[in-house]
Each structure stands twice: as C-alpha cells, then as structure tokens.
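Let me begin by presenting the structure, written as structure tokens, before commenting on it.
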Ligand SMILES: [Zn+2]
C-alpha cells in the first residue's frame with residue numbers, strides 16, 4: 001500500500017521542533033511563530049517586522065498560515081542559516097537580544113542577510129580595523145544642542161578622542177578605552193541612534209551623548225568601541241577566554257531613574273541614578289556624575305535596606321532606601337513603592353555578587 005502523505009501542517013510542526021528552530025534566529029526569543037521563506041529561518045514576530053524592511057532579501061510568513069509544500073522545502077532551518085550567515089561573526093560583535101533597542105536588532109539583521117558582513121571579513125573593516133574616525137552629533141553640556149564633532153578611536157593609543165574644532169590639534173577629551181562604556185539610550189537622548197558613552201576622568205564618571213543620522217554608522221561605532229575594549233582586555237587579562245571577556249565589553253545600566261538624596265537637613269531632588277557595574281552614579285547634570293557611591297558586596301559589609309533612619313529630615317518622597325557601606329550610610333527616597341522595590345532589587349543584585357580582585361581598586365567614595 002502507498003503511504004499517506006503527511007499534511008503540511010504536520011511537517012511544519014516537525015520543522016518547528018527541529019534543533020535550532022525553537023528560538024528566533026535573530027534575537028533568541030523562544031517559540032518563534034514567523035518564518036522568512038527566502039532565508040529559511042524561523043523568527044519571532046518583532047524580528048519579522050524588521051525583515052519586512054528588507055523585502056528584496058526576506059519574505060516573511062506566519063506559521064499559523066497555510067504553507068505550500070515548496071515553501072516547506074525551502075525552510076532550511078536556523079542552524080543551517082547560522083552556518084552560512086553567521087560564519088565569521090567577530091567575538092566582540094554585539095549580538096542583540098529580544099530586549100535590545102530596535103536599532104541594534106535591525107542592523108544585526110541587515111548586517112547578516114543584506115550586507116553579508118559575516119561571510120566576507122573585508123566588510124567588517126569599519127569596526128575591526130583598530131582605527132575609526134568620523135563625525136558624530138554630540139550634545140552640548142550647557143544648552144543641550146547637538147553639534148557636529150570629530151571623533152577618533154585608536155586602539156594603538158587605547159583612546160577615543162573628540163575635537164571641538166575641525167582643525168584643532170588638541171582633543172577636547174581623551175577617553176581611555178580601559179574605562180570606556182557605550183550603551184544605546186534612544187528614549188533618553190531623543191534619537192533612535194542615541195548612544196551614551198561613559199568614561200572615567202580623574203576617578204569620576206563622565207558621560208557624553210552622541211548620535212549619527214545613519215544607523216549603520218552608529219552601530220559600527222558601537223562595535224568599534226567593543227573591538228577596542230576586547231583587544232585591550234586581551235592584553236590586560238592574558239589567558240582569559242572570549243566567554244570571560246565578551247561580557248565585559250559594554251554593559252547596559254541595571255536601572256536608571258530618579259531618587260531623592262536625603263541627608264541632614266538637605267534635599268537634592270531629581271537626580272538620575274545609574275548603578276552600572278559597581279558604581280551608583282548620582283547625576284546632578286547630564287554630563288557629570290558629581291558624587292558616586294561605590295556598591296560593594298555583602299561579604300564586605302554592604303547592605304541595602306528599605307526605609308530611612310527615624311531622624312532623617314528633608315525629603316518629601318516617602319519610600320526610603322538606606323545603603324549601608326563600611327564607612328557610612330547613604331539615604332535615598334523614591335516617589336513610589338514600585339520604584340523603591342526596583343531600586344532595592346537592583347542594589348541587591350550587585351551586593352549579592354562577590355567582588356572580583358580588580359574591583360577593590362574602585363572601592364572609594366567621592
Ligand atoms: Zn527575534
């Protein structure tokens with residue numbers, strides 16, 4: 001007797017449960033319910049919207065729809081696509097997750113499928129050459145206006161520099177690769193390509209806010225900074241593997257928002273606070289972190305408590321947080337209970353993590 005042909009619905013279910021197809025090919029989100037017929041990958045709905053912006057490369061279809069047999073044959077699956085489109089992704093290159101900003105996710109998709117950057121390494125020169133220069137719009141410190149500034153990133157000097165005047169010999173700022181961080185902050189900067197660059201100067205945190213009107217250019221800058229950090233860390237930590245170094249390249253802030261700082265008869269409302277790594281920065285102005293609290297680990301007698309000591313004065317927000325360090329207490333107040341809970345959980349995550357030897361150098365309050 002002849003075998004009954006399997007229904008296309010059943011074949012599609014088999015495909016979806018095959019190895020590699022249980023997570024979005026582009027952002028790793030579980031249970032993808034869309035596919036790119038032309039690329040043969042299973043993707044999440046958010047990524048399918050980005051695929052629609054490259055219709056000459058990718059034609060998408062929901063897995064809920066009826067599939068033709070020929071379409072099923074074309075779905076090679078995520079592992080096969082990865083072997084082709086991601087064969088030469090540099091270790092430092094940022095692979096976006098579902099929660100990352102649209103800019104990073106869209107440029108990752110375009111880099112893979114439209115520009116084929118990870119099949120031909122010569123296409124990676126903008127971020128892998130060890131040197132990059134160009135103009136970025138930089139937010140002015142005083143009036144908040146964006147001005148075009150020349151930026152130079154040089155791995156040889158281990159620095160990112162920018163110049164106020166095009167013919168200036170001396171850079172306005174030299175940011176050491178060693179302390180550099182970059183994180184996309186589109187909402188905060190008010191531009192889809194907005195990048196916040198943080199660095200240490202004279203042992204305090206400084207921030208600059210930049211963007212480029214071209215999305216690829218901005219993501220290339222971001223990955224060039226990651227490449228420079230990667231090569232710096234390879235020298236600083238000889239013998240450390242990629243899996244140890246890559247999480248150190250750039251980091252997102254754990255939490256950001258407003259807390260009041262309270263103290264004896266003083267109230268300084270409305271600062272932006274960013275505990276990233278082990279620094280809680282109180283930002284009085286956008287560009288300067290004036291005063292930072294170092295957050296150590298519980299083994300080193302750091303604690304975070306809900307509430308404020310009874311004698312505390314001068315705050316009008318009701319939801320207090322006390323950060324206990326070996327030397328003193330820092331008092332903050334949040335506007336809502338939810339904010340208080342979020343902040344405490346962010347601090348606790350930092351405090352629960354044992355300190356690494358190199359972090360002791362940062363143990364210092366300013
Ligand atoms: Zn996705």
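The values are calculated or read from the model by the stated rules, or taken from the named source; none is laboratory data. As the structure is a prediction and not an experimental result, all values here were calculated from the model. Cβ: placed from backbone, ideal geometry, glycine included. Neighbour counts: every protein chain shown.
In the range 1-113, counting only helices (runs of 4 or more DSSP H) that sit wholly within it, the ones holding 3 or more residues that are within 16 Å of the ligand (Cβ to nearest atom) and surrounded by 20 or more Cβ atoms within 10 Å (Cβ to Cβ) span 45-51, 78-85, 102-109. Screening residue 167 on (1) touching a strand residue (DSSP E or B) at 6+ places or on another chain (Cβ under 8 Å); (2) part of a loop (DSSP other than H, G, I, E, B) shows it passes everything except condition (1). For the range 287-315, a residue qualifies if it is under 30 Å from residue 139 (Cα atoms), at pLDDT 70 or above and in a loop (DSSP other than H, G, I, E, B), and exactly one does: 295.
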